[in-house]
Amino acid sequence: MRDGISSLSRIPLDPDVPAEARAMAEEVGRAHAERESAEFGARQVKARDLVSGIQERVRGLFGAEEYVRFRHFLWREGLRVRDLMLPPRGLTSDYGELHRERRERADVFLRGQGVAPEELARILREQHEGLADIFRSPPIGSADAAYPADGGEPGGDAAEPRAFATGPPFSGFQRGFHFANLSGSGFRGDQFVTLVPSSGIVGHQVRLTNDDASDFDFAEAVADAQIAFWFQPGMTGRVSLTVEAQCQLATHSLRTEDEWGWSDSSTNQDNFLMTHVLHPNVPGPSFAGTSHFHWRTDATEEVFRRFVPVGTTVVRRMVGDGVIPAGQFVVVRVGTRTTATSWTNDVVIHSTPDFRWLIRSIAIHMVP
């Protein structure tokens, strides 16, 4: 997918809900999608400005013509190492030794151009730290905190204990996907959605791929999948949702290929449970993290991790940051979000988080 954001939703079916409530839910959903798109765009500008400054500093180490020569050297080195790994010789080649030898050749080339490898490494490290700061904030759209079910809930005990409880089947849904090349244009983003409202199943496989990494490529992909239902509060207050979800799939997969001796990459994959009350008083969704993966490497390797076993039941409580009037129908969404970000400097990236949850039950309390 090229850079962009998409969203699709269906308001739950309920003939007893008045038309004005349906219209409000549709308008709030559209407004949130537009606001989220603007927030993604702002992060994109911030990241591109940072990387653009770093690129200028790196080119300044070489000069315009010598930088082109440097890039050509990297391309030739990639072809040379590829040929060394081909059979029959490649069957007995020591990749670790080839990697060390390529690093030494890169250092020799840099010094021959009057560039200290340590200075180049320092600039690239600054870029990595700066990008990490940009993406250390909560997920886009998060307006409040998420609390584990066994932890204290802000606002004290629920004034309306277990006012409402529900589970599958559901008739409404929402799914969305955002992808952007924050620097360079080498990444592609895609997703495969699993969304079955009648069974309460929500999930997606997100793919972030760069198979021809140049200097300073950076991208992110964000996917949502949620079921939706109507709720009518019996008292005025904030909506507290306790979500019971069973893990059907939770894997982190990453494959990298080093393209030259002085390279680097950093990859993050995160999954969250999420809730969203569609009302003008609620600024955005709430999130509760379920699984986090981070990997930084300059080598060719394949990594697979599963931190949440299949069949595990996870319970999370999330409280909306906004007061809802008693008796007013609102749409409530519950589901999951997966985010994938990768930064690479001449390292091929294949990043694939894959998550699927069964929303077994949702209990709603109103709190002051």
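In table form, for the structure just shown:
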quantity: Among 85, 168, 208 - extreme Cα towards positive end, dipole of the chain, charges at beta-carbon; calculated: 168
quantity: Centre separation in Å (Cα based) which lies between region 296-368 and region 37-74; calculated: 32
quantity: Largest-first principal axis extents of the Cα set of region 248-368 (Å); calculated: 64, 31, 19
quantity: Accessible area (Å², per residue) of the chain, counting only protein heavy atoms and a probe of 1.4 Å; calculated: 43
quantity: Three-way shape call for region 233-314 based on the alpha-carbon gyration tensor, with the a/c threshold at 1.5; calculated: oblate
quantity: Cβ-defined net charge surrounding residue 94, 13 Å radius [Lys, Arg +1; Asp, Glu -1]; calculated: +1
quantity: Most fluctuating residue given options 295, 357, 343, as computed from a GNM of the chain linking Cα atoms under 10 Å; calculated: 295
quantity: Accessible carbon and sulfur surface of the chain relative to its total accessible area, %, 1.4 Å; calculated: 52
quantity: Of 269, 55, 246, the one that fluctuates the most in a GNM where the chain has Cα springs shorter than 10 Å; calculated: 55
quantity: Cα pair distances exceeding 25 angstrom across region 3-132, given as percent; calculated: 57
quantity: In Å², nearest 10: area of residue 124 left accessible to a 1.4 Å probe; calculated: 10
quantity: Helical mean residue ellipticity (222 nm; -39500 (n - 2.57) per DSSP H run of 4+; nearest 500) of the chain; calculated: -9500 deg cm²/dmol
quantity: For the chain, size of Cβ-based charge dipole, Lys and Arg +1, Asp and Glu -1, in debye; calculated: 460
quantity: Reduced Cα scattering model of the chain, Debye log10 I(q)/I(0), q = 0.07, 0.09, 0.11 Å⁻¹; calculated: -0.38, -0.58, -0.78
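The values are calculated or read from the model by the stated rules, or taken from the named source; none is laboratory data. Because the structure is predicted, anything quoted here is derived from the model rather than measured. A quick note on method: Cβ atoms are made from the backbone with ideal geometry, for glycine too, and the neighbour counts reach across all protein chains shown. Protein only, heavy atoms only, side chains kept; ligands, DNA and RNA dropped before computing areas. Shrake-Rupley method; radii C 1.70, N 1.55, O 1.52, S 1.80 Å.
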